[in-house]
1. Can you run phi through the Karplus equation (6.51, -1.76, 1.60; θ = phi - 60°) for region 209-223 and list ³J(HN,Hα) in whole Hz, with x for Gly and Pro?
2. In terms of modelled amide H atoms, which long-range or inter-chain residues lie less than 5 Å from the amide H of Met119?
3. Along Cα→Cβ, 7 Å out, is where each label goes; now give me the distance between the ones at Lys492 and Asn211 in nm to one decimal.
4. Order the following by accessible area, largest value first: Ile97, Ile54. Probe radius 1.4 Å; ligands, DNA and RNA are ignored.
5. Shape call for region 434-517 from the C-alpha gyration tensor, a ≥ b ≥ c root eigenvalues: rounded (a/c under 1.5), prolate (a/b greater than b/c) or oblate?
6. Using alpha-carbon pairs under 8 Å, 6+ residues apart, how would you state the relative contact order of region 223-300 in percent?
7. Give the ranking of Val474, Val104 by solvent-accessible surface, highest area first, calculated with a 1.4 Å probe.
8. Taking amide H atoms as placed 1.01 Å from N in the peptide plane, list the residues 5 or more away in sequence, or in a different chain, whose amide H sits under 5 Å from that of Val297.
Amino acid sequence: MTRILSALLLLSLGGSAWAAESGVELAAATIVVYNRNALESAGLARFYAQARGIPNDHLIGLECSTEEEISRQEYDATIAEPLRKIFAEQKWWTLGIDASERPVVRSSRIRFVAMIRGMPLKIRYTVSYPGDRAENNQVGTQNQAGVDSELATLGLFSRQISGPANNPYFQNFRPIAELEGAPILLVCRLDAPTAAIVRRMISDAVETEKNGLWGRAYVDGADHNSGGLAEGDEWLRKVAKDLRQSGVPVVYDAGPELFPAGFPMSDCALYYGWYAGGVAGPFTDPGFAFTRGAIAVHIHSFSANTLRAADANWVGPLLAKGAAASLGNVYEPFLQLTAHLDIFNDRLLHGFTLAESAYMSMRVVSWMNVTVGDPLYRPYANWLRIDAKRESRKKNDWKMYRDFAVRNGRLDAEKYRTALRSAATRAGNGAMLEDLGASEKESGDFAAAAKDLEAARSLYPKPVDRARTALAEVDALLSARDKPGALALIGKMLSAAPATAVSALFKKLEEQINPAPTPEVSP
């Protein structure tokens, strides 16, 4: 098995897919693995199998440790070897023998694996392992791994555990059923701080698929524009661009700070961010909740170091706040070996499953990555259905923007924005006008941005949307050197909502723009 051996940067802070695969085909290619020793694991497995129509003989109960972290020997004895035996007995694999008389998987009927809450999460470092060969470089000496990422290589029968393995599905654009000659399993995890959250994640994924995932995207960069870390910000810039071109409104912050606590993050269907050590900002606000079916990802070295706490790292807290799926890392992954979020987002938008999108975005397997959520979840497959046009006749603001983007995507930038402004104004669509203003602000047309953001604000009935749009408008006014206009708008927003969570953000802006004079000190 070829391994990645080059030096990589340490992340030291801490057709359509719908047409290719039907739900029945996906269910037949899925197994559900649960822990017989873990309370509620079997019940969650049955709940998921019933929700997805997965055959009963595809439910596999193993006798494992109930701890999140296990040894390499425990992984082999209680997970890998029992599963290899079951795959052979069930004839899910067509096996052969290579020239070295080692087993080879010629074909596989199983492509997706759902690991249920209660199954171990990660494999700790081991000092020695028969058949392994470590390399003297940043990644080649590391043999710890995520259970799921290691399980992806089950059909390779390899004893090489140091360093990651090349992922043959990386950057692919075909359903996994069409991948030949590489018995990679797409392993995802239905896991969260509580069993109730897992059940909600399953139900949300199934229900959201029926009409598609609608709402706003929030993309939070970290302003790394040089050196190896610049790649992470480039992924997020591409994510924001692709979403906007697809008709998904985006709030994109390219600055070094996270979205602050109190930020009016309403209708959050997608969240992508990175570089902070633990959950922060709006996600810690008591009233915050994602929209149903939301996908939320924050890149950090240990974002999924545990999934059992609603207040530790990132993945657990995001799921506890209502997200249906997330990506994370159980140990230090190195930036380039994390999920490439631009690819992940692109594949989701093209109708692929969560599992396919995630593994297409990962350069390696047998590493630190974990995908949490229903592997068969396709949040945007509905957009590609032939009969989706009939459903979209009952338009809301989100669907109207999507339809507009599809019809007008080939116009040049100036004509597109003119047409967008006209259509949004006629329809009274604040989401479209806000997104137009945001894109104008990002391109440096601050006067136009302020005008369109003001128009959007006037259309929104909800204070939370007016507040968010006003924050962007203040920034546009300041960039256009209209300090009086910015202060006047801040005063207006404070008068309208003097004691809300977002008022602290406006007060902070007011102090930054017009700081109080420093008192004179008497001699």
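The values are calculated or read from the model by the stated rules, or taken from the named source; none is laboratory data. Predicted model, so just to flag it, every value in this text is computed and none were measured. Note that each Cβ is placed from the backbone with ideal geometry, even for glycine, and that neighbours are counted across all protein chains shown. To get the accessible areas, we keep the full protein, side chains included, count just its heavy atoms, and leave off ligands, DNA and RNA. Shrake-Rupley method; radii C 1.70, N 1.55, O 1.52, S 1.80 Å.
1. 4, 4, 10, x, 8, 10, x, 9, 9, 10, 10, 10, x, 10, 6
2. Correct list: Asn35.
3. Roughly 3.3 nm, to one decimal.
4. On the way: Ile97 105, Ile54 10 Å².
Ranked list, largest accessible area first: Ile97, Ile54.
5. Taking the square roots of the gyration eigenvalues as a ≥ b ≥ c, region 434-517 is oblate.
6. It comes to 27 percent, rounded to a whole number.
7. Working: Val474 0, Val104 40 Å².
The residues order as Val104, Val474, largest area first.
8. Tyr271, Tyr272, Gly273
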